[in-house]
Every structure is written in C-alpha cells, then in structure tokens.
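Enquirer: Before we start, here is the structure in question, set down as structure tokens.
Just so you know, all these numbers are worked out from the coordinates, no wet-lab data involved. None of these values were measured; they are calculated from a predicted model. For neighbour counting, all protein chains shown are included, and Cβ atoms are generated from backbone atoms with ideal geometry for every residue, glycine included.
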Amino acid sequence: MKIVIIGNGMVSYKFCEKIIAKIPANTAEIVVFGEEPRPAYDRVHLSEFFAGKSADDLLLASAAWYAANNITLHLGDPVQQIDRSNKTVHSYRGITEAYDYLVIATGSSAFVPPIPGVDKKGVFIYRTIEDLELMQDYAPRAKRGVVIGGGLLGLEAAKALLDLGISDTHVIEFAPRLMPRQIDENGSRILEQQLKQLGLQIHTNKNTSEVTGDDTMTGLRFADETHLEADMLVISAGIKPRDELAKLSGLETGHRGGIIVNEHLQTTDPEIYAIGECALHNGMIYGLVAPGYEMAEVVATHIANQVSSSPAAKKTFTGFDMSTKLKLIGVDVASFGDPFAPVETSRSIVFEDTMKGVYKRISITNDGKHLLGGILIGDADAYNMLLQTAKNKVILPPNPEDVLLGARGGSQDAGPGVLGLPDDAIICSCESISKGDICSAVEAGNETFDAIKKCTKAATCCGGCTPMVKDLITGTMKAQGKYIRNVLCEHFAYSRQELYDLIRIKNVRSFDEALDHYGAGDGCEVCKPVIASIMASLWNDMILEKGNDTVQDSNDRFLANIQKGGTYSVVPRIPGGEITPAKLLVIAQVALKYNLYTKITGGQRIDLFGAHLDDLPNIWEELIEAGFESGHAYGKALRTVKSCVGSTWCRFGLHDSVSFAIQIEERYRGLRAPHKLKSAVSGCIRECAEAQSKDFGIIATEKGWNLYVCGNGGSKPQHAILLASDLDSETCIRYIDRFLMFYIKTADPLTRTATWLNKLEGGITYLKNVVINDSLGIAVELEKEMQQLVDRYKCEWKEVVENPELRKRFSHFINAPGTKDPTVRFDSLRDQKKAAEWK
Amino acid sequence: MSIAISQDTTTVWFYACNVNDVPQNGGVCVKYDEVQIALFRFARREAWYATQNLCPHRQQMALSRGMTGTHNGEPKIACPFHKKTFSLEDGRCISDDTECSLTTYPVKVEGDKVYIGIAQEA
C-alpha cells in the first residue's frame, strides 16, 4: 500500500505520526511532498521566531525523524498535478508517484484583499518562516508599521512587528471592533483598551482603499479619505484555503474556497482525502490546529482500518469546538463553548474590572445547571476548567458565579475541580488526550509531568492544559493512597515542617542528636544548614557551639559573608539606618586600619569588604567596643528594617517611622528563619522606605499603621499584600510576631515569604484568618514562642570576641596561626581595593 | 592502566595538627611549605581525609571551609562558593562531570597527632 500526502504543514506531520502508529511497520510506503524548504514547523508559535526562537527550534520533527520512520520526504517540491484515472501525482521537479490513498493537506495562504498598491515594496504577508525572514530584513528601516486585520492573526502579526523593534505599530480593522468572530462587544472594548496601553494604536471601522507610494509604500489611504503614513505593512486579513490543485483535478470545491469533504474527510474521489485548513466540512473551514489534528486522526483511522485485520472503532469528523485560548501581546484572550448563546435560552454572568483590564462573561442555562460557553479577556487561567465544565455538562455549584470568581467566604467549594470531570473529558484538546488517558498513565507508573508528556503527548502542543495535567498527576497519586512526600535529602526522610516539630518535641540541640534520632549517614550540604536553621529558630542558642559550627552554611560558620578571593565582608547592624557621626567615625577608622573597601548597602547599612578570616575577631572587637552589634548579613535571618526619616523631620510624615523601625529591628534582630527576612517602615503613603517590597512592611496612616506581608525584590519581585490596616503599634507587633512564627514553622527550606504565600493553600485569606482571627487557635503560642526568642537574643559576635576557644577558629592555617592566606590578591579601583578577578 | 607510584615514590608523613584542633565533622587548612591542604574529620566514624585546599572551579582556597557530608555513603566536601561537591575518596567532582578532580592525600592518626602523607620521588 502506498499513501501520498500533499503538503507538509502541522496537520500533515500529525497525520504521519498517527498513521505510522496505527499500521504495522513496513506495510505501507509513505511519501510526503512539501512546498516549503523545511519540514513541518510549529506555525502556532510562529511569532516566537522574532522572540529569539530559531527555525530549527520551531520544527515539529527533523528530516531524520521522517527517514527513521521510512517516510520519503520531498521538500521544496510541490505537487502540480493529480492524475486520478492512473492514481499518480506529478511534482514540480518531475517526480511521479503512484498512490493507493492520497491525502491533501495543502493548508491555506494569506488572504490578500484586492487593494491597489499591495504589490509595493514594504508590503508583507504573515504566514511562513520565509515571510518572517523577509520582514526581519526590512524592519530595521521602518519607523512605523501597520497591520491590516484586527483578528487573531492580525494581532499576532502586530506582536511580530513590536518584537521586530517597531514600537509605533498600528492595527487597522474593517469591522467596528477587534476579533468580532470570537468575542463580544464588551470583550473587544477591554481588549482594545489593554492593547492600547501596551503601545499599539488601534483603528476600527477603517476601510483601506489604497497603499500609497511609488515603488515603495509610504502609507495607507482609507475610504473616509484619511491617510496614515507608514513604511511597512503586514496584511493579515484572513486565510484562503489552498484548493487550486484539487480544483484542477476535478474535485469539488466550495464557492468561497475549500475542498468539499464528507464526515470521513473524503473528497468527491473516495481515495482522496483532504484535511486541515484546505478542507471544507459542512460549510466550515477550520482555521485552528486542534480540529486539523482531529481530522488527521479520523483519516489515519479510516485508512488503517481498510488494511487492518482487526479494525479499530470507526471515527467520523462531526465538526469541532472552536474554543480557543491565546496570549495576544501579553493579554489573555479566550472563548469557549458557545460564546454568543442567545438570551432566550440562557442567562449570563459578567465580571468586569476596567482598571485591571479583565472581562469575563459566561452563559449558563436558564435553570442554572450547565455552562454553555463564555469569553475571558485579561485573565484566562480558568479557561481549561471552564471549557471542560461546559463540554462535559458538569453540574454547576449552587452559586454559578463561583466558577468565575472562586468561592468567596463560606465553606463551599468552587466546583468539583479537574478530578470531578468524567473520564472522557478532553484535557489536552490539541492532542485530544482525555482525563482517563492521563489517569491510567499515572496509574501505570508515569508519576512525573515529564513522564506524562512523553507517554501521552498531553501538554506538548500549546501547553494550556499543563496545570490540569499536573493536578491530575497529584490527584491520581493521592487517590492511589500514595503520599507525595516532600523529604529533605537522602539523610532525612522528613519535610522541614516535620523536622521542626520533631526537633521541638525532642528538645534536640545539636545536629548529631538530630542525625541519631531521625537521620542516617553523615548528613550533607542540604540537610545540615536546614537543621541548623531550625534549631536556631527554635532555641536561639549560640550557633557555633555544641558542634553545630560545621553544620552552618559557610557564611554562618564564620559569621561573615565570603566574597571573591576568600576574604569576608562585615556588616554591623545600623537599626533603621540611623547612625551617629561618632559611630560613623568608628566604621571609618576600622575600615582604614584593616584596609577594607566600604560601600553603602541597599538596606541602609555599611558593608566592609576584603577582611581576612584572621582579622574578623579583631575587627569585631573594635566595633563592639564602640557599641555595634552583628548585622546578621551572613544569615538566613532578619537583615534590616529600612526606614524613611518620618515625622521628626519630613513635612509629610505622619508618624515617627525611624523610631518604629528601630523598635522592630531590635525586636527581631538575630531571628533565624527558612530564608532571609527584610522589612521597612514608611512614615506616609509616599512610601520612601519601599515597605511594600519587603517580607513585612509597615506604612503610616492617619490612624496608625498598615501592615503588608510577603513582598520581595530580587529576581522575581512581588508586591507585599495588605494584612491589616490602621493598627496601633502594639497590635502591629503582635501580628508580626504571629506572622513570622507561622512562617518559620511552616515554610520549606530557603523559601522566601512571597513564595511561601504563593504556595499556601487559601493564600492571603487563610493567612489573615490565622494571624488576625486566630482560626487555628495558636496565636498565643506563636506570640509566646517569639517572645522567648526575643528574650534569648545575644550578639553572637560579642560571644565570639569574648571566648578564646571560639576566636581560635577564625584562622586560615591550623598549623600557622596568624599567617594570612598568601594567595589572596586585590586590585585597586577608584581609590579603594577590589577582589582580584577570578578565573 | 595503573600508575605505579609505590615503586618510584615513598610517602613522607608530616605532622599536621592534633586531633582536637580539627572540628568534629569539618575541616581545617594545613600549611605544608607553600602547599595548602584541606584536612577533614568525620568524627562519627573517626575517618580522616585530605585534599588540595584549592577548589578547581574558580581557583579559590576554600575547600577546608566547606561542608562535609556523604552522597550514597561516599564521603564528600561541598565548596562554600558554589556548592560543587567532590569525593573525598578519589577527589572526583560529584556534582559536575566536567569539573577537574582534586588531589587527595593519605592521613594517619597516631595517638592524638594527625599526619598527612606526601608522595616524594625516591
């Protein structure tokens, strides 16, 4: 048997993949003709080409894959003629191939409206990698770009122009609004507003009458006689099925294009099939990839059944749901089910937030039981869940708005979640993988996301179903009674939270004891610092005693931050960033004496770099003598409480933010936690101390203090969230006590408060309940534990300086005390020193 | 292929320090002329190891300040700079196949004195 496929786009590739899986090896000869010079690539993610992906990255499979599966691939060689009576095809390069079955998957081309001047230089279409390469060559000389077409593809093309560096990009839409076929009027309005904010100029109700210019375009003229200057135009006004070869071969085509097919995707010649965007089924052209893949499945099954001795269940193509979710220039846009359900048979629930640019509308049956369809703009996280709820006619919760907004208060659940879906619910609509497929794969032992992707192909195309697939993996494992344990490392089969409780109950005071009771082996660089941190958070003992010095992270072990070259930096505590001139002088004298590089830190302190290990106790002796304390810059501990100058000097200040910052810094100094902690106090809403970027931040109000929690800067900045407002100072500190202790008790190792909150079930609402409403009944205990830590605080550098045994450990050579590491090298820079560059 | 060291070289043992100079489960740096050697003690098993003090990754004299541990029972040291881990048995880098290996030295304990062995040409 010989199968010839004309075209090598996404659907053609999918057909190849499916047919070789369905027929025994070597029973069919498969030949593919493609017009483009490269094998099928991912056209859905074409715009990523400009965002840095190479043409190779976009390939669905390399030429080697075709060869390995015995598929003959002719690239850059379109078929020009089909001889139906002799059942042969003839290619542009003169190849003649006979076929038993012929599959036409020629796809579509860009529809170019007959506007005068579209042949000028500077006018492009947006369809293939070659089109993109032409645009890329031309873009550097273009200042203003225009896209004709405000639909899906047009907005994709506009994104491409932005990615090419043309910030002045305009979109022209003939209709009165954007994406009229997919979303409703309000949705269009919000989308337009969002895109405008991102710098796109949108012109609706514009009928382009001419592309102006001589050889090279200079602008567009519209039917209303207005004119827009531009030096680059991309036409993306729709698609035109590639049916010319079919027409030439006498196959029936539609009036407006498309090869007419039946429910088996057979053309008027039953041995010739048409799939993808060139096929016209029941008057519809399907311009999305998922229906194309479904067509490939139907035809592959149909052909395989005719040669197989044990035919599979017959499949037919009965139309396809056009639900879709996209990210257009950073804005989520989704529509699913029947987004335009008529008012006679349905009710709608609308949520609109014009400030955040979010619009959601769902249509439900009049009895409120079923979801019919909907539109999501600006936030489409719920898309997959809603789509499945609609498709599977899942009974809606008593307050149907919960599926849109989540349960608010009360104990009711917002719908049954992905686990409540029936087994045949399609989770991955690109690859049509059902919930049952995924769950049985998990039961068969594929217990990681990667393993599921590999064995089911779910989540390998658009990736939209990723969260649902992950939920199904954990859900199925839990249902099997498998407890997904979050263990520390090979030496401790417990999570941090479990160890915290065990160490507290057993009053464990050293790493060795912890290892004896709960561990195995010798420990490692993962478990040692975690246990050390837990013990420090629980007992606040001197961290270098009881043999615990060597289980501290390197910086904690030497109470300083190791820097390039092996020297250390020293940060004295400067509470609230307030320092007297006399103390400044001491820092300057110490820095001069020990030849240290000085720099102001982001946390309103002074960092002294380049100290030899052997000098650290001497440096601290002098600093402590002058009244300084350790700043704990080396620890996963409270670092600094930054402040603005507040009401003592500032004409806007409402309260004395410096005094409150000092009070807070002195209360929590030395507090060790799963990760470093930063704080700030601002004296008014101008927020000069940047409190909303801290683990806990305080802002003065007319009536007291607002307390924000769980913010951080760093690589993934996150704003802190308001926990409580208008607090008096005492209540504010009580809430901070509870918040910090609860975080210390429950967070995973090296998890900042922001990440901890993101993972906390119930999020900020739950945290508010624990801290403010004492929902767990532990508030008194948390406050008591914090008070114990506060009471036990001692400056650990003071303890070292006063203890000769501890001091001895700050020596580079054990057998040559006082000899500094001779390999340390410095260079000079702007009148100070810097570490020599490492290799 | 084997390297026939024992025939052409002899091991010279030099006194490094006393047992109690070394933290129970950690390391110290020992000076041997211009050479810096990291000496490690696993007090739970009274096992001793010695390697070069230089971490080959960024050429830092830091391994003696690193954290000791085991990986599937094999003793290892993690550099304080970037947590590259090296086997204390054969010196190979455990966390990165492409990293250079460490030179290792034999250690012996007599009474409360710790000696490190240096191979010298016969």
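Enquirer: Quick check: net charge around A:A633, other residues with Cβ under 10 Å of its Cβ, Lys/Arg +1 and Asp/Glu -1? Spell out each step's value before the answer.
Expert: Working: positive: A:R573, A:R605, A:R639, A:K676; negative: A:D607.
For residues surrounding A:A633, the net value is +3.
Enquirer: So which of A:K2/A:K87; A:K18/A:K457; A:K834/B:K76 end up more than 22 Å apart, counting from Cα to Cα?
Expert: Working: A:K2/A:K87 11 Å; A:K18/A:K457 12 Å; A:K834/B:K76 32 Å.
As for pairs spanning more than 22 Å Cα to Cα, those are A:K834/B:K76.
Enquirer: Next up: Cα centroids of region B:12-40 and region A:83-108: how far apart, whole angstrom?
Expert: Centre-to-centre (Cα) distance: 79 Å.
Enquirer: What residues have an amide H closer than 5 Å to that of B:A47, excluding those fewer than 5 places away on the same chain, when H is modeled at 1.01 Å from N in the peptide plane?
Expert: Close amide H contacts, sequence-distant or interchain: B:F42.
Enquirer: Quick one: Cα centre-to-centre distance for region A:552-583 and region A:743-786, in angstrom?
Expert: 29
Enquirer: Which whole-Hz ³J(HN,Hα) couplings does region A:648-665 yield from phi under the Karplus relation 6.51 cos²θ - 1.76 cosθ + 1.60, θ = phi - 60°, glycine and proline marked x?
Expert: In residue order, the calculated couplings are 5, 10, 7, 6, 9, x, 8, 10, 7, 5, 5, 4, 5, 4, 5, 4, 6, 4 Hz.
Enquirer: What's the angle, to the nearest 10 degrees (0 to 90), between helix A:185-197's Cα axis and the longest principal axis of chain A?
Expert: That helix lies at roughly 60 degrees to the long axis.
Enquirer: I'd like the distance separating the alpha-carbon centroids of region A:232-307 and region A:597-616, in whole Å.
Expert: 70
Enquirer: Using the basic label-point model (7 angstrom from Cα toward the beta carbon), what is the B:R92 to A:N769 distance in nanometres?
Expert: Distance between label points: 5.3 nm.
Enquirer: First obtain the Kirkwood hydrodynamic radius of region A:561-791 from its Cα pairs, then insert it into the Stokes-Einstein equation at 25 °C and 0.890 mPa s, and state the resulting D in µm² per second as a whole number. Numbers along the way, then the final one.
Expert: Details: Rh = 18.4 Å.
Calculated translational D: 134 µm²/s.
Enquirer: Can you tell me the 0 to 90 degree angle between the C-alpha axis of helix A:129-138 and the longest principal axis of chain A, rounded to 10?
Expert: 70
Enquirer: Now for a separate question. Considering only DSSP beta bridges where both residues belong to region A:654-745, give the percentage that are antiparallel (nearest 5).
Expert: Working: 10 of 14 bridges.
Of the beta bridges lying entirely in region A:654-745, close to 70 percent run antiparallel.
Enquirer: Here's something else I'd like to know. Which value results when the Cα radius of gyration for region A:112-237 is divided by 2.2 N^0.38 Å?
Expert: Numbers: Rg = 13.6 Å, N = 126, 2.2 N^0.38 = 13.8 Å.
Cα Rg divided by the expected 2.2 N^0.38 Å: 0.98.
Enquirer: Between A:A520 and B:Y32, how high is the FRET efficiency from 1/(1 + (r/R0)^6) when r is the Cβ-Cβ distance and R₀ = 51 Å? Nearest 0.05. Don't jump to the answer; show the numbers that get you there.
Expert: Numbers: r = 35 Å, r/R0 = 0.69.
Given R0 = 51 Å and the Cβ-Cβ separation, E is 0.90.
Enquirer: Tell me the angle of helix A:527-539 to the major Cα principal axis of chain A, expressed in degrees between 0 and 90 and rounded to the nearest ten.
Expert: 50
Enquirer: Once the convex hull of the alpha carbons of region A:723-839 is built, what does its volume come to per residue, in cubic angstrom?
Expert: Numbers: hull volume 30.0 nm³, N = 117.
So the per-residue hull volume is 257 Å³.
Enquirer: Measuring from label point to label point, each 7 Å out along Cα→Cβ, what is the A:E443 to A:S54 span in nm?
Expert: In this crude spin-label approximation the distance works out to 4.4 nm.
Enquirer: Quick one: plug the Kirkwood hydrodynamic radius of chain A (C-alpha pairs) into Stokes-Einstein at 25 °C, 0.890 mPa s, and report D in µm²/s.
Expert: Working: Rh = 32.1 Å.
Result for D is 76 µm²/s.
Enquirer: Oh, and also: Expressed in nm², what is the orientationally averaged projection area of the convex hull enclosing the Cα positions of region B:10-121? Could you put the intermediate results ahead of the total?
Expert: Working: hull surface 28.0 nm².
Average projection, Cα convex hull of region B:10-121: 7.0 nm².
Enquirer: Still on this structure: Could you check the simple spin-label distance between A:L829 and A:V487, using points 7 Å along Cα→Cβ, in nm with one decimal?
Expert: If labels sit at A:L829 and A:V487, their model points lie 4.5 nm apart.
Enquirer: Okay, next question. Calculated FRET efficiency, A:T72 and A:T460, Cβ-Cβ r, R0 22 Å, to nearest 0.05? Write out the running numbers ahead of the final one.
Expert: On the way: r = 25 Å, r/R0 = 1.16.
Step by step, r from the Cβ atoms, then E = 0.30.
Enquirer: Shifting gears a bit: Two-decimal Rg/Rh of region A:619-695 from alpha-carbon positions, Kirkwood Rh?
Expert: Values: Rg = 14.0 Å, Rh = 13.3 Å.
Rg divided by Rh gives 1.05.
Enquirer: For A:T268, what residues show an amide H to amide H distance below 5 Å, using hydrogens built from the backbone and excluding near sequence neighbours?
Expert: Here A:E252 satisfy the definition.
Enquirer: Can you list which of the trypsin sites (Lys or Arg not before Pro) found in region A:218-256 are DSSP loop residues with at most 14 other C-beta atoms within 10 Å? Let's see the in-between values first.
Expert: Working: sites: A:R221, A:R242, A:K247, A:R256; in loops: A:R242, A:R256.
For trypsin sites (Lys or Arg not before Pro) across region A:218-256 that sit outside H, G, I, E and B with at most 14 neighbouring Cβ atoms in 10 Å, the list reads A:R256.
Enquirer: Please work out the FRET efficiency for the pair A:S167 and A:Q480, using the Cβ-Cβ distance as r and a Förster radius of 45 Å; give the result to the nearest 0.05.
Expert: Calculated transfer efficiency: 0.25.
Enquirer: Find the eigenvalues of the gyration tensor of the Cα atoms of region A:296-342, then list the square roots of 5 times those eigenvalues as equivalent ellipsoid semi-axes, largest first, in whole angstrom.
Expert: On the way: eigenvalues 260, 41, 7 Å².
Computed over region A:296-342, the values are 36, 14, 6 Å.
Enquirer: Right, next: List the pairs from A:K833/B:K113; A:K327/A:K768; A:K360/A:K435 whose alpha-carbon separation is above 29 Å, in the order I gave them.
Expert: Where the Cα-Cα span goes over 29 Å, the pairs concerned are A:K833/B:K113; A:K327/A:K768.
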